[in-house]
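Colleague: Take a look at the following structure, please.
The values are calculated or read from the model by the stated rules, or taken from the named source; none is laboratory data. Every value quoted in this text rests on a predicted model; they were computed, and no experiment measured them. Cβ atoms come from the backbone with ideal geometry, glycine included; neighbour counts cover every protein chain shown.
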Amino acid sequence: MSGDRSMRAAAYIDGFNLYYGLRALRDRAPQFGENRWLDLRRLVQELAPRAQLDRVRYFTARVEARAGDPGLPQRQDAYLRALQTLPGLTIHFGTFLTHEVTLPLAEPAGSQRWAKVLRTEEKGSDVNLATFLLLDAFFDRYDLAIVVSNDSDLAEPVRAVRDELKRRVLVVSPQERVTARLQRAASDSRVLRPKVVARCQLPIPVIDAQGRHIRPPATWGPFGSTT
């Protein structure tokens, strides 16, 4: 689905679905490295090169430091600040909830059959994505929606946009395949390819409106720098 320049496009990107998909992509195609310093606007334009890309909405949540990874919020913040320099891109935040749960051990040791663990869940991003996908279609803000996610919970809003609001919806999965529910709901679907991701990296450094240099975390591949 390439479209043409008269076709207005809007993108809806599930941040955590994409993030973990990119990690899996690295495992499947290690020659492409981490490639998480991703230019989302350029990525979407590659997916629909002839469409007029009017807006990119990125859905995520602020992460918290973990005992084994205290630098997690700083790495995320660097990427979010870089994204904020892209024209037409807005960031929409859900929340992280952490709570203690008791779960059975896979391999009980003696009398110990249960363990208390901290479970972290990201809440709100899928609902926010679905809400803006529907609202933007209702207010005639696009002809083509590009949904970057493989979350099958989005199948019904995708179907509603296609069938009830008569907009085309392209679903792009960051994972190895598109779920059957999303395939059925979308106008078209495809899998995100490693070569496309590798082509769509942000410059190093990204320079914001105040002239500050933003660099990728050192752990995000060989291009990273701590300076």
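Colleague: Quick one: which helices (runs of 4 or more DSSP H) lie wholly within the range 140-204 and hold at least 1 residues that are under 19 Å from I13 (Cβ atoms) and without any contact (Cβ under 8 Å) to a residue 60 or more places away in the chain?
Modeller: Numbers: elements: 155-163, 180-185, 194-199.
In the range 140-204, 155-163, 180-185 are the helices (runs of 4 or more DSSP H) which contain 1 or more residues that are under 19 Å from I13 (Cβ atoms) and without any contact (Cβ under 8 Å) to a residue 60 or more places away in the chain.
Colleague: So which residues in the range 137-162 are over 22 Å from Y19 (Cβ atoms) and crowded, with 21+ Cβ neighbours inside 10 Å?
Modeller: Pass one, the range 137-162, residues over 22 Å from Y19 (Cβ atoms): 137-144, 156, 159-162.
Passing the criteria: A137, Y142, L144, V161.
Colleague: Is at least one residue of the range 75-85 among the hydroxyl-bearing types (S, T, Y), at pLDDT below 90 and out of contact with any helix residue (DSSP H, G or I) (no Cβ under 6 Å at 6 or more places or on another chain)?
Modeller: In the first step, residues of the range 75-85 are kept if they are among the hydroxyl-bearing types (S, T, Y); the result is 79, 85.
Right, trim to at pLDDT below 90 and you get none.
No, that holds for no residue.
Colleague: Here's something else I'd like to know. Check L165 against each of (1) among the aliphatic types (A, V, I, L, M); (2) crowded, with 22+ Cβ neighbours inside 10 Å; (3) modelled with pLDDT of 95 or more and name the one condition it does not meet.
Modeller: L165 satisfies all of (1) among the aliphatic types (A, V, I, L, M); (2) crowded, with 22+ Cβ neighbours inside 10 Å; (3) modelled with pLDDT of 95 or more except (2).
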